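Throughout, read-outs are computed from the coordinates displayed, never taken from laboratory work. Source: prediction; values computed, not measured. Every residue, glycine among them, receives a Cβ derived from its backbone with ideal geometry; neighbour counts consider all protein chains shown.
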Amino acid sequence: MGLVFILFFLNLVYGSIHIPLQDVYDTFIGGNEDIVNTNILIRSRLPQAIVALSAGIALGIAGLLMQTLFRNPLAGPSVLGIASGSSLGVGLVIMVAGGFFGFSLQRLGFFGDVAILFAAFVGALGILFIILIIAKKIGGTLSVLIMGVMIGYLSNSLVGIMKFYSLEEDVHTYVIWGLGSFGRLSLNRAVYFMLFTIPPSVACILLAKWLNLLALGDNYARNLGLKLSRARFIIIMLSGILTATVTAFCGPIIFIGIAVPHLAKMVSKTSNHLLLITNTGILGAATALLCNLIARLPGLDSALPINSVTAFIGAPVVMSVIWKRRKEQLHDH
């Protein structure tokens with residue numbers, strides 16, 4: 001937890017523009033008269049830090065839920081196609097609107113941003129609704145996983161068609177959105193984002209007993225009294241809401257939801273999901289804050305795309321997991 005506080009503080013202090021430590025202190029105590037530095041800290045760095053912390057918690061816990069439910073170490077928050085649904089919604093608004101009206105949505109300013117946010121959220125929730133119906137009607141963890149992956153492919157194919165027929169300016173806007181960012185929200189919206197993500201993330205602690213049973217396998221869980229269909233429905237719903245919210249506000253953020261649960265398992269050295277969920281949330285916040293800090297390192301003219309940083313940190317973790325599992329399999333033989 002101390003690491004999260006340190007990284008949060010470093011996100012306020014360091015950035016592409018140097019601000020003296022005394023100015024940072026004065027700004028938050030209320031005695032700084034430098035308007036430029038105050039605006040940078042209050043309107044840019046503080047909202048980014050809040051969004052990064054909240055998104056890291058949400059994605060990490062959503063990834064842990066998916067990995068436990070599907071018993072797949074490479075499952076992540078986007079495995080059910082929810083992020084792809086969000087991308088489809090944004091694609092429809094940005095690229096189709098540009099084709100119909102002949103101008104880029106970017107020119108609408110605030111209203112364009114709201115339209116993109118609304119489209120992302122509706123697209124994500126639309127796919128989540130379809131997945132929940134499938135989970136309720138068809139059942140079967142593997143069936144839900146396969147259907148989710150296929151829906152994701154269908155969404156991506158529709159986005160590809162829209163890119164082909166869209167204006168170049170609209171495609172550029174869509175690509176920028178797809179790179180992910182923690183810096184798109186004002187301070188007020190960042191606080192709302194935190195309220196939309198932290199409470200559902202904390203509520204996942206109530207699922208710890210179910211997740212412990214699911215980790216043993218469906219048959220064991222059923223014999224021990226767990227109603228699989230209900231548990232699967234609630235776990236998918238909570239993970240989907242967290243993924244949909246983060247994707248709508250920040251764009252599709254990759255690797256945090258896959259890598260962080262493995263870091264939590266290495267740190268926790270237990271299969272008890274009460275501790276795993278807690279540590280995943282803490283490490284998710286720390287990882288996202290670290291990525292945001294690296295993306296805005298001093299000396300850079302502008303912030304790096306957040307997904308390029310999360311991939312740089314997350315990919316080695318995933319590769320080490322695969323390597324470790326392979327070594328264990330060879331050792332067992």
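Starting with the highest mean, order 55-61, 182-188 by the number of other Cβ atoms within 10 Å, averaged over the residues of each peptide.
Peptide ranking by packing, descending: 55-61, 182-188.
Compare the peptides 75-87, 147-159 by average per-residue count of other Cβ atoms within 10 angstrom and give them in order, highest first.
Listed from highest to lowest mean packing, they are 75-87, 147-159.
For a protection proxy built on the mean count of beta-carbon atoms within 10 angstrom, sort 257-264, 132-139 highest first, please.
Ranked by mean Cβ neighbours within 10 Å, highest first: 257-264, 132-139.
Once whole DSSP H runs in the chain are found, which of them have Cα atoms spread over 30 Å or more along the helix axis and a mean Kyte-Doolittle score of at least 1.0?
Membrane-span-like by this criterion, though nothing is claimed about a membrane: 46-70, 110-137, 141-165, 228-250, 273-295.
Could you tell me which of 275, 129, 216 has its Cα farthest along the dipole of region 2-332 towards the positive end, charges placed at Cβ (Lys, Arg +1; Asp, Glu -1), taken about the Cα centre?
Farthest towards the positive end: 216.
If R0 is 56 Å, what FRET efficiency do you get for residue 271 and residue 34 from their C-beta distance, rounded to 0.05?
Calculated transfer efficiency: 0.65.
Using a simple charge model, +1 on the beta-carbon of Lys and Arg, -1 on the beta-carbon of Asp and Glu, nothing else, what dipole does the chain show about its Cα centre, in debye to the nearest 20?
1420 debye
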